[in-house]
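See structure below.
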Amino acid sequence: MFFKKKSDKIGAFMEGQLIPLEKVNDPVFSQKMMGDGFAIIPRKGTVVSPVDGEITMIFHTKHALGIMTKDNVEVLLHIGIDTVKLDGEGFELFVKEGDKVSKGDKLIEVNLDTVVTSGKETTSMLILTSGQTVKNLKEQDVSLTSKSIVDWE
């Protein structure tokens, strides 16, 4: 029998404009200090799972969470820039640590107006914190039905 290693695809986690990390207005992300990934400038505040996996971490301020795929790829979703300072205001969780999620499952609802009126940016990042690199990134408009926007290596 032959086994072919499949290439895993990452779906959109928010609806909006997909951009490379280098364009993010935060050096921790733009210089890839936490890992490779991409960002979305969101049009709507619904956050869905970009992969199948398990919720491994939810930051107490609800602005960030981690997902571990079955192939042990760690995915960090970070909603907004400096949104940790909002202390959870404007964020509603729909999952808890240990939950199994499928691509497209709703994770968080964020009130983008709350983020903007607090003086923070809505640009949201997906970071592969276990060392993978993003492939096939093309700046584009994405929707929650975009199930395969980039893949990793």
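The values are calculated or read from the model by the stated rules, or taken from the named source; none is laboratory data. All values reported here derive from a predicted model rather than from experimental measurement. Neighbour counts are summed over all protein chains in view; Cβ atoms, including those assigned to glycine, are modelled from backbone coordinates with ideal geometry. With ligands, DNA and RNA removed, areas are computed over all heavy atoms of the protein, side chains included. Shrake-Rupley method; radii C 1.70, N 1.55, O 1.52, S 1.80 Å.
Of the residues that make up the stretch 86-96, is at least one within 18 Å of D151 (Cα to Cα) and either open to solvent by 10 Å² or more (accessible area, probe 1.4 Å) or modelled with pLDDT under 95 (or both)?
Within the stretch 86-96, not a single residue is within 18 Å of D151 (Cα to Cα) and either open to solvent by 10 Å² or more (accessible area, probe 1.4 Å) or modelled with pLDDT under 95 (or both).
With respect to the numbered conditions (1) modelled with pLDDT of 95 or more; (2) of a type outside the set (V, I, T); (3) surrounded by 14 or more Cβ atoms within 10 Å (Cβ to Cβ), which one is the sole condition not fulfilled by K44?
It fails just one condition, (3).
Could you check how many residues of the stretch 61-80 are within 26 Å of N111 (Cα to Cα) and either in a loop (DSSP other than H, G, I, E, B) or open to solvent by less than 10 Å² (accessible area, probe 1.4 Å) (or both)?
11
Which one of these is closer than 19 Å to K106 by Cβ and assigned to a strand (DSSP E or B): I40, I19?
I40
Within the stretch 81-129, can you find the residues that are part of a helix (DSSP H, G or I) and without any contact (Cβ under 8 Å) to a residue 40 or more places away in the chain?
Matches in the stretch 81-129: T83, V84, K85, L86, D113, T114, V115, V116, T117.
Only one of these conditions is not met by P50: (1) surrounded by 21 or more Cβ atoms within 10 Å (Cβ to Cβ); (2) modelled with pLDDT under 95. Which number is it?
(2)
Would you confirm whether any residue within the stretch 130-149 is in contact (Cβ under 8 Å) with a residue 60 or more places away in the chain, β-branched (V, I, T) and closer than 22 Å to V28 by Cα?
Within the stretch 130-149 (the criterion being in contact (Cβ under 8 Å) with a residue 60 or more places away in the chain, β-branched (V, I, T) and closer than 22 Å to V28 by Cα), the answer is yes, since at least one residue qualifies.
Taking the condition of a type outside the set (A, V, I, L, M) and free of Cβ contacts under 8 Å to residues at least 24 places away in the same chain, does K23 pass?
For K23, the condition - of a type outside the set (A, V, I, L, M) and free of Cβ contacts under 8 Å to residues at least 24 places away in the same chain - is met.
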